[in-house]
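Heads up: the structure comes next, in structure tokens.
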Amino acid sequence: MCVIYIYMDKKSVSFTSNINFVDRIAYSKLSKKNKIGFWHNVPNILKADEFYSEEIRTCTGGGLVVPFKEAEGFHFWDDNTNKKNFSNIANSLFRFVKSPQRALLIGSKESEKYPYSIEQFERFKKIFSQRVPHLSLFERHRYPNSQTHYHYSLDNDTWTLFSEYRKSENMPYIQVKDLKTLRECFSNISIADGDRLFIRGKEISAASAPELFQNA
């Protein structure tokens, strides 16, 4: 499947972000640069016109955006080090992009092995809700075997996401390819007012899935 790009006129006064879920093949065909890792010895925050991060499972990832002007991405491991340094991490995010208009948060998972996962996501969610006018959430992967990769381009203000999960160890992975699989993948989905949701390039309207959209 080819990648479908959603372009917007940079002169438009409609400041929205596009969120497009694609399959593995389409995501692999994206030309990517500026990778963000989650280990402590690599950049966890990056301000750039384009960036991407992969294997968001129990971690929290996403970005802050002023559409067509500036953006940054991040990916934080849900470990005790980041728990202790959370205030510094949050302050650092807003030093890169001081007045973000939009934000995206992805990740977290119920897991006895990773007890800080839900807590970390909730702390980011609280701060972003207070400081960013429009926040879209893909919160809490439902299944232990699940993950999300993302790519962001400031040029067309588009998040491209690839999410997959499997319901048990002996079952194949299911890729998010429609509303049914999107709802199965995450416990909470909240699309910010003005953001546009696409699955494989086809727009999902608030009328077709009002529970996913704020102010629908």
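The values are calculated or read from the model by the stated rules, or taken from the named source; none is laboratory data. Keep in mind the model is a prediction, meaning the values are calculated, not measured. Cβ sites come from the backbone with ideal geometry, for glycine too, and all protein chains shown count toward neighbours. Protein only, heavy atoms only, side chains kept; ligands, DNA and RNA dropped before computing areas. Shrake-Rupley method; radii C 1.70, N 1.55, O 1.52, S 1.80 Å.
Listed values, structure above:
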| read-out | value |
| --- | --- |
| Spacing of the two label points (7 Å from each Cα toward its C-beta) at SER129 and GLU203, in nm | 2.9 |
| Volume of the Cα convex hull of segment 12-52, divided per residue and given in Å³ | 123 |
| Candidates LEU135, LEU182, LEU64: whichever shows maximal mean-square fluctuation once the chain is modelled as a Gaussian network with Cα springs under 10 Å | LEU182 |
| Links that overshoot a 21 Å alpha carbon limit, given the list LYS29/LYS177; LYS29/LYS180; LYS35/LYS126; LYS83/LYS113; LYS33/LYS109 | LYS29/LYS180; LYS35/LYS126; LYS33/LYS109 |
| Per residue accessible area in Å² of the chain, where ligands, DNA and RNA are left out and the probe is 1.4 Å | 47 |
| Carbon and sulfur %, accessible surface of the chain computed with the full protein complex present, 1.4 Å | 49 |
| ASP49-GLU211 pseudo-label distance in nm [points 7 Å out on the Cα-to-Cβ vector] | 4.1 |
| Over segment 23-74 - Rg/Rh using Cα atoms and the Kirkwood inverse-distance radius | 0.97 |
| Principal axis box of the chain, alpha-carbon based, largest edge first, Å | 44, 44, 34 |
| Linear extension gain, ASN80 paired with LYS98, 0.36 nm per residue minus alpha-carbon span | 3.8 nm |
| Debye log10 I(q)/I(0) at q = 0.13, 0.16, 0.18 Å⁻¹ for segment 44-163, Cα point scatterers | -0.45, -0.69, -0.88 |
| Förster radius 22 Å - calculated FRET efficiency between ASP193 and ASP155, Cβ distance, rounded to 0.05 | 0.40 |
| Max mean-square fluctuation residue, GNM over the chain, Cα-Cα springs under 10 Å, options GLU169, GLU54, GLU122 | GLU169 |
| Segment 95-140 - Rg (one decimal) and Dmax (whole number), Cα, Å | 11.8, 36 |
| Max mean-square fluctuation residue, GNM over the chain, Cα-Cα springs under 10 Å, options SER190, SER108, SER17 | SER190 |
| Filtered trypsin sites (Lys or Arg not before Pro), segment 92-186: DSSP coil and at most 11 other beta carbons within 10 Å | LYS98, LYS113 |
| Reciprocal mean inverse distance between Cα atoms of segment 64-117 - Kirkwood radius, Å | 12.6 |
| Calculated from backbone phi, Karplus (6.51, -1.76, 1.60) coupling profile of segment 68-84 in Hz, x at Gly/Pro | 6, 10, 7, 7, 9, x, 7, 7, 10, 5, 8, 10, 5, 4, 5, 4, 5 |
| Inter-label distance, nm, simple model (7 Å from Cα along the C-beta direction), SER87/SER31 | 4.5 |
| Translational diffusion coefficient (Stokes-Einstein; Kirkwood radius from C-alpha pairs) of segment 167-216 at 10 °C, 1.306 mPa s, in µm²/s | 132 |
